[in-house]
Amino acid sequence: MDKALIADAPGGPEVMQWRDFATPAPGAGEVLVRHTAIGVNFLDVYYRSGMYPWPEKTMIPGAEAAGVVEATGPGAADFQPGDRVAYVLPHGAYRQRRVVPADRLLALPAGISDTTIAGALLKGLTAQYLVTASHVVQPGETVLVHAAAGGVGMILGQWLKALGATAIGTAGSDAKVALARAHGYAHVINYRSQDFAAEVRALTAGRGVAAVYDSVGQATWAGSLKCLARRGTFVSFGQSSGMIQGFTLTDLARAGSLSATRPVLFDFIASRAELMARSNDLFARLLDGSLRVPEPHRWPLRDAAAAHTALEARQTTGATILLP
């Protein structure tokens, strides 16, 4: 009998209970994976808290994991026992072993460790589609990224620099400002002591930025619109401060014929071909060193509640992982 963190009702971190969980054998087109490292993301918090609706009466959070193939079902010939793999799915990863559809699995290159990819796959794929699809970043553009010292933010800063863009970031402490600067940002604003919208306007000589990547939500969206140049793009891809309230299409017109989008990662990796293309781009950048991912914060899997508490209190930077 395996163990999993199971919630019977939405709520705080304490609703996740360490319980026995029977793992089935893999069926057609499926692979049994023994987890070696599991990522922690705000997406897990959104499901655990009930901000996102549950597909079933109980919930096992967790959107990304790395592990080793233990068995395969018929039609999963691309994988063999012993293969190192990783995956991203909306939820269900906070467990010791899991049956995963083969078309969602990624074979891990030898140069990328399980602990690195468990904390970087969802965040890295998110950064990849944000700069290549949500707003296609062009060399010479200036863009703003909120939560620049967070897991996605630190990857975005490096990716934007590699694309020839100027990245402005926001962060909530002097230490986080310094961390963001070390990961590709040309300018970083401490939003606790500075008005980030005014600072962005000053840094861009009043023009504003081509795009804002905003994972914070309610606390930042109005200021984000003030940062955009005419016909700029507001990319809202998270809501760590709460769901956006009060936003109207008229706000876009009033601020300069802006565009707004609310993308979700899983719509950008829905097909096997797109998943492979985006992950190959990410893997190549990790392997050639153009993306540097710091060692993640580590917690035992059964202590995921403590990891969630630290994440929600903004006590972490970069990535956090759970070890089964």
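The values are calculated or read from the model by the stated rules, or taken from the named source; none is laboratory data. Nothing here was measured: the structure is a model prediction, and the numbers come from that model. When we count neighbours, we look across all protein chains shown, and the Cβ atoms used for this are built from the backbone with ideal geometry, even at glycine.
General observations
- Selected residue [buried (at least 23 other Cβ atoms within 10 Å of the Cβ), part of a helix (DSSP H, G or I), among the aliphatic types (A, V, I, L, M) and in contact (Cβ under 8 Å) with a residue 60 or more places away in the chain] from Leu43, Leu5: Leu43
- Residues that are assigned by TED's automatic domain parsing to the domain that holds Val137 and within 13 Å of Cys227 (Cα to Cα) do occur in region 170-183, at least one of them.
- Residue match in region 78-89 (condition: on the phi > 0 side of the Ramachandran plot, touching a strand residue (DSSP E or B) at 6+ places or on another chain (Cβ under 7 Å) and either in a helix (DSSP H, G or I) or assigned by TED's automatic domain parsing to the domain that holds Glu312 (or both)): yes
- Residues within region 207-231 that are in contact with a Ser or Thr (Cβ under 7 Å, 6 or more places away or on another chain), of a type outside the set (D, E, K, R), under 19 Å from Gly246 (Cα atoms) and assigned to a strand (DSSP E or B), tallied: 1
- Taking region 13-26 as the range and being in contact (Cβ under 8 Å) with a residue 40 or more places away in the chain and within 17 Å of His308 (Cβ to Cβ) as the test, the residues that pass are Pro13, Glu14, Met16, Trp18.
- Within region 122-162, being of a type outside the set (Ser, Thr, Tyr), surrounded by fewer than 24 Cβ atoms within 10 Å (Cβ to Cβ), outside any helix (DSSP H, G or I) and touching a Ser or Thr at 6+ places or on another chain (Cβ under 9 Å) holds for His135, Gly140, Glu141.
- Annotation note: of Ser241, Ser257, the sole residue that is of a type in the set (S, T, N, Q), out of contact with any His (no Cβ under 6 Å at 6 or more places or on another chain), farther than 20 Å from Ala147 by Cβ and not in a helix (DSSP H, G or I) is Ser257.
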